[in-house]
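Peer 1: Sending over a structure as structure tokens; questions will come in a sec.
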Amino acid sequence: MATPNGCPDPPAAAAAADGPYIPAELIPDIAKHLTNLNDIFALRGGCRAYRAALPLSRGLLAAQPPCLLVPHSASSPALPLFNLLEPGCPSFSLALFHVPDRRLHRFRARLPFARTGGVLTSDGAQVVAVDGATGEIIVTHLLYGAQVRLPKPPLPHDRVILTGGHLFAPATGRTDVQCCSPWTSPQWTAASYGGEHEIQDWHIVNGVLYGFLPTCGLVSASPSKDSSSSLDIWHHGGEFDPQVLLAMQESKGAPLLGDCGGEVLLIFKVGPIDPAYKIFRWDADELMWVVATSLGGRTLFIGFDDFAACIGPDVPGIRGDCVYGSLPWAGGWSEYSMIDGTCKCFTAKYPGEPGVGFARPQVWVLPSLFCN
């Protein structure tokens, strides 16, 4: 017998669980103290009343620490197309690895995966994967289960940038950028900004699309009023800054634009062995890049070649004023402190992990961002 709120009646519930019945109105207070997605979804699955009391909201997930989406070996061949495309390779799904607890969630995603890559990028709340057979791009809200499959971009591209609800695919070797809005306008549009240099990275901050030039300049862009196939560019300054140029020379990859507390950041990954970072913030008053020595207690998350997100301050399980970088070739992550310049590297060890020498494309998943 069930009560009107959809739960079994209290005596039956207590007998089944060998414990006291918990009224639905107390469930949100309990959920606020949970720091594991497994526990959240187990609580939501208790009955209809519990599920209604725990909508996937920012308040519910705010205490959830970061996860890495990692490859996980299937016990039996579950992806026949994978075996066709990658003969001789084991079959993999993707799993969520809980960073503070160093263990897997009971979560599996079926997204395209290949030995040389597959998962491209994330913004912490959405994950982008490429279908190696068709070139189509798949954008997924992991916690909601929503997914959209986008057609292959018309122009060749080396990377995909997910920012501010938009997906960019800069054309290789050209001053063209391809863009779409996966959930509202899933068709690609291409526009040229007509400059002399390829823009190194794009990022949307406070609704404004910014780009970084190899000359150290910061620009913003918007669709041209005269043509839908071109972008108008506004130069903000920052050209030939000696500190930025030095960081570019030391960089182990392309510069990345990001944000922290509403400010535009310029991020360089440096260091001969352990990952380290040089970070600059844009001073909108002086129109120049300024060395950032603190993140105000916040934490940055960096993928293999992309900026994922900034969260905090005071997120359980992670350190403030740090940069967390995924290490796809080592299978883990790094933790670089902005305070003392030290770096620690961690290995993601779990049952079903790929063997030694197997590339591990992995991206950050930040549950607290799913319900902005």
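The values are calculated or read from the model by the stated rules, or taken from the named source; none is laboratory data. Bear in mind the structure is a predicted one, so any value in this text is a computation, not a measurement. FYI the Cβ positions are ideal-geometry reconstructions off the backbone, even for glycines, and counts take in every protein chain you see.
Peer 1: Among the residues that make up the range 223-235, is at least one of them out of contact with any Lys or Arg (no Cβ under 8 Å at 6 or more places or on another chain) and under 16 Å from MET288 (Cα atoms)?
Peer 2: There is at least one residue in the range 223-235 that is out of contact with any Lys or Arg (no Cβ under 8 Å at 6 or more places or on another chain) and under 16 Å from MET288 (Cα atoms).
Peer 1: Working only within the range 218-257, note down all residues that are within 30 Å of ILE273 (Cβ to Cβ), among the polar types (S, T, N, Q) and in a loop (DSSP other than H, G, I, E, B).
Peer 2: Once the filter is applied, which keeps residues that are within 30 Å of ILE273 (Cβ to Cβ), among the polar types (S, T, N, Q) and in a loop (DSSP other than H, G, I, E, B), the range 218-257 yields only SER251.
Peer 1: Out of all the residues in the range 327-338, which are of a type in the set (A, V, I, L, M, F, W, C) and either more than 17 Å from VAL270 (Cβ to Cβ) or under 16 Å from the mean Cα position of the chain (by Cα) (or both)?
Peer 2: Across the range 327-338, the qualifying residues are LEU327, TRP329, ALA330, TRP333.
Peer 1: Which pairs do you get when a residue that is not assigned by TED's automatic domain parsing to the domain that holds GLY211 and crowded, with 21+ Cβ neighbours inside 10 Å, found in the range 153-164, comes within reach of a residue that is of a type outside the set (Gly, Ala, Ser) and assigned to a loop (DSSP other than H, G, I, E, B), reach meaning Cβ atoms under 7 angstrom, with the pair 6+ apart or on two chains?
Peer 2: none
Peer 1: Name the one entry in ILE302, ILE279, ILE273, ILE311 that is of a type in the set (Val, Ile, Thr) and surrounded by fewer than 20 Cβ atoms within 10 Å (Cβ to Cβ).
Peer 2: ILE273
Peer 1: Residues that are touching a Ser or Thr at 6+ places or on another chain (Cβ under 9 Å), at least 1 per element: which strands (runs of 3 or more DSSP E) completely within the range 133-195 meet that?
Peer 2: 147-150, 161-163, 166-170, 176-181, 185-192
Peer 1: If you check ASP131 against the conditions, is it surrounded by 16 or more Cβ atoms within 10 Å (Cβ to Cβ), at pLDDT 90 or above and of a type in the set (D, E, K, R)?
Peer 2: No: the conditions fail for ASP131.
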